[in-house]
Amino acid sequence: MKRWLTKAKGSARTWVGAKRPPMERGGRCPAYRPGRKWKRSALALAVLIAVTFAICRAFDVWIDRTDLPLTLTETSTEVLDRNGKLLRAYPVGNGLWRLAVQPADVDPRFLQMLLRYEDKRFRSHAGVDPIALLRAAGQALWHGRAVSGGSTLTMQVARLLEDGTTGRWAGKLRQMRVALALERRFSKEEILTLYLTHAPYGGAAEGIRAAAYSWFGKEPRRLTPAEAALLVALPQSPERRRPDRFPQAANESRNRVLARMLRQGLLSEEQAEAARRTPLPHRMAAFPRLAPHLADRVTAQHPGKRQLQLTLDGAVQSRMQQLLAGAARRTGPHLSAALIAADHQTGEVLAMVGSPGYSNAERRGFVDMTQAIRSPGSTLKPLIYGLAFDQGLAHPETLIHDGPVNFAGYAPQNFDGEFRGDITMREALQLSLNIPVVKLTQELGPARVMASLRASGASPDLPGGAPGLALSLGGLGINLQDMVQLYAGLAAGGQGPELRMIQAEAPAPAGRLTSAEAAWQVADVLRGLPVPSGARAGTIAYKTGTSYGHRDAWAIGWDGRHVIGVWMGRADGTPVPGIFGGDLAAPVLFEAFGRLKPALDPLPPPPPATLIVSSAELPPPLQRFRPRDAAFSDTAGAPELIFPPDGARLALAGAALTLKLRGGTAPFLVMANGLPVLIDQRRREFSLPSPGPGFSSLVVVDGMGRSDRVNLRID
């Protein structure tokens with residue numbers, strides 16, 4: 001090769017391997033221009049780099065100026081239970097079910113199958129996969145038709161966000177541009193989240209969570225290989241591969257996914273074969289609708305909030321809804337019912353059932369009967385007895401007279417129309433007698449009873465505005481939630497927490513109702529009530545109630561940890577002849593406790609200061625209930641016929657009649673039907689010959705001239 005050699009000294013050059021070229025003027029070769037070729041190459045390279053840079057810069061600007069579609073799309077409002085389980089979801093504005101999701105919420109194997117089947121280089125490409133595009137183009141040229149797509153997962157997200165098409169070049173180029181822009185502005189996890197949120201799965205299901213609920217009735221956290229393979233295949237053609245309409249196409253597409261996962265080693269032969277044999281779902285499942293009334297209420301109270309977590313336990317809620325639906329079916333087509341179960345130590349509501357069937361028009365199931373204002377019947381009586389115990393007016397073993405009374409024209413009667421004479425407070429509450437509780441209300445004052453009721457957290461509706469004696473028998477309006485709140489206070493020792501349904505709300509105490517001792521005494525009385533057939537006695541303190549006209553049947557009770565309230569009746573307030581709280585609601589109450597937990601929590605022991613004695617051992621002021629002003633009455637200390645009670649009906653069959661007296665000063669004179677039958681009687685329990693069949697009047701007169709009278713019927 002010919003080249004110039006330059007010596008170190010001077011400027012002379014030596015031409016090697018050829019004749020010396022002719023010299024220019026001045027001794028230089030005219031053909032020699034040092035570095036000209038190199039300069040041209042350098043210039044061309046510089047131009048190429050500049051052009052390339054300009055193209056790249058223009059491309060970058062073009063991508064950066066891409067108008068991206070909205071990525072913050074609306075997702076369904078969700079109501080969750082205490083454990084994060086979906087209780088109810090609401091469709092978005094266009095009627096789609098689109099639930100918020102993160103990759104961490106999805107079965108990892110599904111994600112692996114999705115990426116390996118749809119976009120195995122998802123983690124490395126910049127939004128467009130050139131290898132996949134070349135492969136798809138080559139297959140199309142070879143086969144004369146499209147065999148596989150070259151779209152990346154990011155390109156699919158672009159199409160989903162813009163609701164675009166894939167078949168035309170313009171649409172494909174637009175997807176590429178949007179995909180490249182998405183990759184610059186979002187992380188891979190965020191792009192994957194967009195796909196999991198928007199991918200179509202047939203019908204109104206959009207996104208992997210909606211799909212898992214629609215086709216398998218569960219969250220996508222633990223999908224089987226068969227379920228995962230179907231959900232990988234569905235978005236490619238969601239309507240034509242729906243398993244409920246096109247089972248063959250769905251099965252073939254699922255099996256293609258399984259075959260590829262088997263080839264790639266993600267599934268074993270046994271797993272793939274078991275998945276192929278798994279039946280496809282035959283229909284789309286309904287979304288959960290647990291606690292629908294409460295869900296409607298809390299979402300209305302928190303507009304715009306996409307996720308609300310309640311204190312409810314989804315499993316307990318489901319069991320209680322099934323219980324109430326079955327109980328309503330057994331009692332007729334128009335009967336409604338409601339139930340609330342709560343923890344009276346924390347105030348957390350665990351179940352709240354507003355009706356036996358949310359969409360049952362015949363029962364007016366859309367009406368939330370936990371909030372409906374109804375008459376409580378006898379269910380307020382435990383509060384009144386508790387207040388009387390707490391005020392020192394009475395003790396469970398204090399005697400009170402159950403006989404005719406008249407309070408300025410108001411003459412209450414017992415439910416059965418009978419009078420029982422002297423009985424203990426314990427017996428009066430267990431028998432749910434009306435006259436004794438009205439006497440206690442008169443002494444306490446109706447205003448005090450109302451103040452205590454409001455202190456519990458209840459908001460009663462009082463007809464006429466001013467409380468009267470009739471409130472103790474159900475003469476006011478109140479809802480089931482407030483009644484459960486009241487009983488929660490008694491169950492928690494006289495002061496419980498406010499009931500709460502939203503997990504994020506902090507516990508707050510309600511007002512104090514009674515002392516701990518009085519609350520325990522009420523529970524001790526109520527645990528002695530007869531229980532429904534098959535139930536264990538003494539484990540639950542409970543009270544039933546029936547409103548006037550048989551419109552409402554109630555049963556509310558508690559054990560050592562939980563309180564449950566049950567209401568049954570018609571939502572429109574129509575009377576239901578023959579319904580009673582004890583017959584209708586009490587069995588549901590006891591069954592609800594059985595469905596709440598496997599074993600009941602024992603009721604607590606009495607507080608140390610509780611007075612537990614018999615009637616005879618009580619301090620004299622507590623042995624017998626008297627109004628506080630009784631000491632100033634002219635009739636204080638007068639004799640009382642405690643047996644037979646006034647209005648009694650006795651089957652003597654000719655036997656002697658036994659009389660029992662209390663109070664008064666001996667000797668006593670006894671008259672029957674106006675004629676003296678015993679004179680100078682000094683004992684307080686004695687017998688006299690039967691006055692004969694029919695109605696009789698007995699009068700006892702003591703040594704001070706004071707008397708008592710009873711009327712009875714002898715058979």
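Just so you know, all these numbers are worked out from the coordinates, no wet-lab data involved. Bear in mind the structure is a predicted one, so any value in this text is a computation, not a measurement. FYI the Cβ positions are ideal-geometry reconstructions off the backbone, even for glycines, and counts take in every protein chain you see.
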*Using amide H atoms built 1.01 Å from N in the peptide plane, name the residues 5+ places from residue 552, or on other chains, whose amide H lies under 5 Å from its own.*
547
_If a paramagnetic tag sat 7 Å from the Cα of residue 715 along the Cα-Cβ line, which residues of segment 413-455 would have the backbone N under 19 Å from that point?_
416-421
*Which helices, counted as full DSSP H runs in the chain, have an axial Cα extent of no less than 20 Å and a Kyte-Doolittle average of 0.5 or above?*
36-64
*Can you list residues whose amide H is under 5 Å from residue 660's amide H, if they're 5+ apart or on another chain and H is modeled 1.01 Å from N?*
642, 643
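At a threshold of 8 angstrom on Cα-Cα distance, excluding pairs fewer than six apart, so keeping six or more, what relative contact order does segment 667-715 reach in percent? Each step should come with its number before you reach the end.
Numbers: 80 pairs, mean separation 18.0, N = 49.
37 percent.
Run the dipole for the chain about the Cα centre, Lys and Arg Cβ at +1, Asp and Glu Cβ at -1, nothing else charged, and hand back the magnitude in debye, nearest 20. Could you put the intermediate results ahead of the total?
Numbers: 88 positive and 62 negative charges, 1661 e Å.
I would put it at about 7980 debye.
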*How far apart, in nm, are two points set 7 Å out from the Cα along the Cα-to-Cβ line at residue 614 and at residue 407?*
3.3 nm
*Please turn the phi angles of segment 367-376 into ³J(HN,Hα) values with the Karplus equation 6.51 cos²θ - 1.76 cosθ + 1.60 (θ = phi - 60°), one per residue in order, whole Hz, x for glycine and proline.*
7, 7, 7, 6, 10, 6, 7, 9, 7, x
*FRET efficiency for residue 112 and residue 82, Cβ-Cβ distance as r, R0 = 35 Å, nearest 0.05?*
0.65
*Could you state the orientation-averaged shadow area of the convex hull built on the Cα atoms of segment 88-277, in nm² to one decimal?*
11.3 nm²
*Tell me which residues come under 5 Å, amide H to amide H, from residue 336 once H is placed; ignore anything under 5 positions away on its chain.*
569, 570, 571
*For segment 350-382 and segment 470-534, what is the separation of their C-alpha centers, rounded to whole Å?*
18 Å
*Can you give the FRET efficiency for residue 286 and residue 415, using 1/(1 + (r/R0)^6), R0 = 30 Å, r = Cβ-Cβ distance, to the nearest 0.05?*
0.10
*Quick one: order 77, 658 by neighbouring beta-carbon count within 10 Å, fewest to most.*
658, 77
*What spacing in nm lies between the two simple spin-label points modelled at residue 536 and residue 454, each 7 Å away from Cα in the Cβ direction?*
4.2 nm
*Before rounding to the nearest 500, sum -39500 (n - 2.57) across all DSSP H runs of length at least 4 in the chain and divide by the residue total; then give [θ] at 222 nm in deg cm²/dmol.*
-10500 deg cm²/dmol
*In what order do 439, 85, 305 fall by count of nearby beta-carbon atoms within 10 Å, going from fewest to most?*
305, 85, 439
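May I ask for the Rg/Rh ratio of the chain, computed from Cα atoms with Rh as the Kirkwood radius, given to two decimals? The partial results should precede the final answer.
Working: Rg = 43.7 Å, Rh = 32.9 Å.
With Rh from the inverse mean 1/r over Cα pairs, Rg/Rh is 1.33.
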_segment 570-585 - phi-based ³J(HN,Hα) in whole Hz, Karplus 6.51/-1.76/1.60, Gly and Pro as x_ = 9, 5, 8, x, 5, x, 10, x, x, 7, 9, x, x, 8, 9, 8
_residue 246 versus residue 274: modelled label distance in nm, points set 7 Å from Cα along the beta carbon direction_ = 3.0 nm
_Estimated dipole of segment 576-671 in Debye, rounded to 20 [Cβ of Lys and Arg +1, of Asp and Glu -1, Cα centre]_ = 80 debye
*Backbone HN-Hα couplings from phi across segment 607-614 [Karplus 6.51/-1.76/1.60, Hz, Gly and Pro as x]*: x, x, 8, 5, 8, 10, 9, 7
*Looking at this model, which pairs from 218/305; 188/218; 305/381 are more than 32 angstrom apart at the alpha-carbon?*
305/381
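Under a Cβ-only charge scheme (Lys and Arg +1, Asp and Glu -1), can you give me the dipole magnitude of segment 88-277 about the Cα centre, in debye to the nearest 20? Could you put the intermediate results ahead of the total?
Numbers: 31 positive and 19 negative charges, 70 e Å.
Result for segment 88-277 is approximately 340 debye, rounded to the nearest 20.
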